[in-house]
Every structure is written in C-alpha cells, then in structure tokens.
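Please read the structure below before turning to the comments.
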Amino acid sequence: MQHRILFSLLFCLVFASLSAAKDRDNFGIGPFIGEPTGLNAQFYWDKSSAIDIGGAWSWDEWFLVSADFQMYDYIMDMPREWKWYYGGGVYMTFANDEHDDNTLGVRVPVGLKYHFPYSIVDAWAEFAPGVELAPETELSIQGGIGVTFWLW
C-alpha cells in the first residue's frame, strides 16, 4: 500500500512538472550509463533550477525511480556552455528478487553539464551520494554520464 501511495505522488510530480515545463519550453529526455543505468527527464523551472526525474536499472538487479530538485550555475572562467549543478532528492528502489527489500532514500546529486552550441543536446556527468532510510539506514552512491535531448 505504501508503494502505491509513493508511486502516485511521484506520478503527480512528473505531470505537474511537465505542465510547468511546457510554459517555459524546457523539457528534455535522454539515456544515462552508470550505477544505475536508464532514462531521465528534465524540466527547467527557470534559468537556474530544474526538476530531474529518473528511471533506471541497477547492475545488482533492482529498478530505481528518483526525483531531484537541481540548481544550476555557470563555472567562473569557463565558456557559457559549461554549467555545474547541485541539488537534493529522493529515490526508491524496487527489488527484482523476493529475498531483497524495496528501499527509500535521499540523495544529493552534484554534476557538470556541457551544452553543445547550436544544438538540442547536453552531455553531463553526475555523482550522487545518498542515505538509504528504509528498510534500514545505510550510505549509497549513485552516478554516471548521460545526454539530454531537448524536445521543446
């Protein structure tokens, strides 16, 4: 029952973000490789903040859903195509094996993003340390590299 409630809340967040992003012409989607590996969607609220939603599979055979709020800033003496970001978010994992537990945790993503000039493509790298809160408390590390294709 708890999983259905959390999934419903995440579903509502995605559609609320999608409607807000449509007004700002800033919605992108793309693949990423790392731990875990999957797809992400990004919705810019304004020039310096975004919501990032991810769905991914771990090498350890579980499925992860994450939602992050991210703040963006330019890197001091670098060209404007480079930005770094930081934020906070939540994640849930769903075990594929009946002997493993589903988990709930918080994460702090930090990353570097490059926008290719005159294109609809960004490339990025991210490191996201976190804390698994349920069913037991332990540290987690997620991260990877990816691309985002800006659709509108």
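Bear in mind that the values in this text are calculations on the coordinates, not laboratory data. Keep in mind it's a predicted model, so treat the numbers as computed, not measured. Every residue, glycine among them, receives a Cβ derived from its backbone with ideal geometry; neighbour counts consider all protein chains shown.
If the condition is being among the charged types (D, E, K, R) and part of a loop (DSSP other than H, G, I, E, B), then region 66-78 contributes only Asp77.
Taking the criterion of being within 18 Å of Thr37 (Cβ to Cβ), surrounded by 15 or more Cβ atoms within 10 Å (Cβ to Cβ) and of a type in the set (Val, Ile, Thr), the residues of region 84-143 that qualify are Thr93, Thr103.
In region 104-135, of all residues being assigned to a loop (DSSP other than H, G, I, E, B) and touching a residue at least 12 places away in the same chain (Cβ under 8 Å), the one that is nearest to Phe27 (Cα to Cα) corresponds to Ile120. Considering Gly111, Gly87, Gly130, the condition of being more than 15 Å from Ile51 (Cβ to Cβ) and not aromatic (Phe, Trp, Tyr) is satisfied by Gly130 alone. Scan region 47-83 for residues that are in contact with a His (Cβ under 9 Å, 6 or more places away or on another chain) and either touching a residue at least 60 places away in the same chain (Cβ under 8 Å) or surrounded by 15 or more Cβ atoms within 10 Å (Cβ to Cβ) (or both) and report the count. Final tally of qualifying residues: 1.
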